[in-house]
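The block underneath contains the structure these notes are about, expressed in structure tokens.
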Amino acid sequence: MSSLFNDLIGQSLAVAFLEASLRKKHFAPAYLFCGPNGVGRKLAAFRFLEGLLFNGKSSESLRRRLEEKNHPDLLIIEPTYIHQGRLVPKSEADLESVSSRTPPQIRLEQIRDLKRFLGRNPVEAKHGMVIIESVDLMAEPAANALLKTLEEPGHGLLILISSAPDRLLSTIRSRCQNILFKRLDMDQLKFVLKKKRILEFESLSKNESYLEILSLANGSPGQLIQNLHIWKSIPDDISNNLKNLPQNPLQALSLARDLTDTLDGEQQLWLINWLQFHLWNQKLDQEPLRRLEKLRLHLLGYVQPRLAWEVALLDLMVNS
């Protein structure tokens, strides 16, 4: 059975629990896979369903169908944006040039689709299977509807994936079997990156900026890969100017213009995380970190991005 989870690194406790469930054929109606982003929670969900469908063993053909979302009894729900009157999944937002200023959500319509999906007879499997990604990003009506579904799950099996389970209703958490996924240590992180042939990793130990990016990933291979991707997409002049912070109002206004003209919402939000970590490493007082957190809230709201950056950079200039 271990071949099912061979590519899930650093999650021995979660794997042991899932293997025991498959071996005993004892399954909960709902599971909550909680832990940091990018450490293998979705991979574990796919492997668990593969074992569920194939008597605890691995099957390459089933594996491909599940991962390609090509199984009639599997429904995958992820946060969505509203774009031109349609719900666009987060994974497809870039392809459709959807603005990411407002965070995606799991919406009531999606939970209604889930209920209809579980209400029909399965085609191939014994269960209707549902994976809900980033389940903590649920609008309140969706959360209440999901709770009702969990109270009467029928023959369905749900896997909820969350990096912030404390944001969920306690009644939702209590109706799920909780499985904890942890951050990887440095050796495990290196192993995953080499296995995925992330060549940039070799230069992490030789570059101050990459060392910060490595630390910012905090034991998550997926987060580190995303960090590298975003960092490489940001022009050097912007990152260098942020490292030193503006020294006068003209520099602050110019940097705010360059940031908002050049970078999209996701890049700007990521830069806030990076800049907070960079300033924290310099052992400055807490005020710049709090001011950057306020900037994050403004960008996630409806404040005009350039104005938000201008005011924040001017404040940081005064307090630096």
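The chymotrypsin sites (Phe, Trp or Tyr not before Pro) of segment 218-320 that DSSP puts in a loop, and whose beta carbon has at most 16 other beta carbons within 10 Å, are Y302. Only helical runs count toward this figure. For the chain, summing -39,500 (n - 2.57) over DSSP H runs of n ≥ 4 and dividing by all residues gives -16000 deg cm²/dmol at 222 nm. In this model, which of K115/K182; K24/K57; K69/K90 are farther than 25 Å apart at the alpha-carbon? From K115/K182; K24/K57; K69/K90, over 25 Å: K115/K182.
Relative to the longest principal axis of the Cα atoms of the chain, the long axis of helix 140-151 lies at roughly 20 degrees.
If you restrict to DSSP beta bridges whose two residues both lie in the chain, what percentage is antiparallel, to the nearest 5? Write out the running numbers ahead of the final one.
Details: 5 of 23 bridges.
If I count the DSSP bridges inside the chain, around 20 percent turn out antiparallel.
Using only Cα atoms and rounding to the nearest 10 degrees, what angle (0 to 90) does helix 108-119 make with the longest principal axis of the chain? Between helix and principal axis, roughly 20 degrees. Round to a whole angstrom and tell me the spacing of the C-alpha centers of segment 133-191 and segment 247-265. Each part's Cα centre sits 38 Å from the other's.
For segment 269-281, putting each phi into the Karplus relation 6.51 cos²θ - 1.76 cosθ + 1.60 with θ = phi - 60° gives couplings of 5, 5, 4, 4, 4, 5, 5, 4, 5, 4, 5, 4, 4 Hz, in residue order, rounded to whole numbers and with x for Gly and Pro.
About its Cα centre, segment 20-102 has a charge dipole of approximately 440 debye under the convention of +1 per Lys or Arg Cβ and -1 per Asp or Glu Cβ, with nothing else charged.
The mean sequence separation of alpha-carbon pairs under 8 Å and at least six residues apart, normalised by the residue count of segment 9-121, gives a relative contact order of 16 percent.
About its Cα centre, the chain has a charge dipole of approximately 1140 debye under the convention of +1 per Lys or Arg Cβ and -1 per Asp or Glu Cβ, with nothing else charged. Helix 287-300 versus the longest principal axis of the chain: what is the Cα-based angle in degrees, 0 to 90, to the nearest 10? Helix 287-300 sits at roughly 60 degrees to that axis.
For segment 186-319, the dipole from Cβ point charges (+1 on Lys and Arg, -1 on Asp and Glu) about the Cα centre works out to 440 debye, to the nearest 20. Give a quick list of trypsin sites (Lys or Arg not before Pro) in segment 1-91 that DSSP marks as loop, anything other than H, G, I, E or B, with at most 14 other Cβ atoms within 10 Å. Here the sparse-neighbourhood loop sites are K25, K57, K69.
Ranking L255, L169, L66 by Cα position along the charge dipole of the chain, where only Lys, Arg, Asp and Glu carry charges on their C-beta atoms, puts L66 farthest toward the positive end.
With the cut-off at 1.5 for a/c, could you classify segment 1-75 from its C-alpha gyration tensor as rounded, prolate or oblate? Could you put the intermediate results ahead of the total?
Details: a/c = 1.35, a/b = 1.16, b/c = 1.16.
Rounded is the answer for segment 1-75, as its axis ratio a/c remains below 1.5.
All of the numbers you see were taken from the coordinates with simple rules; none came from a lab. Keep in mind that what you see is a predicted model, and the values were worked out from it rather than measured. Please note: Cβ atoms are built from the backbone with ideal geometry, for glycine as well, and neighbour counts cover all protein chains shown.
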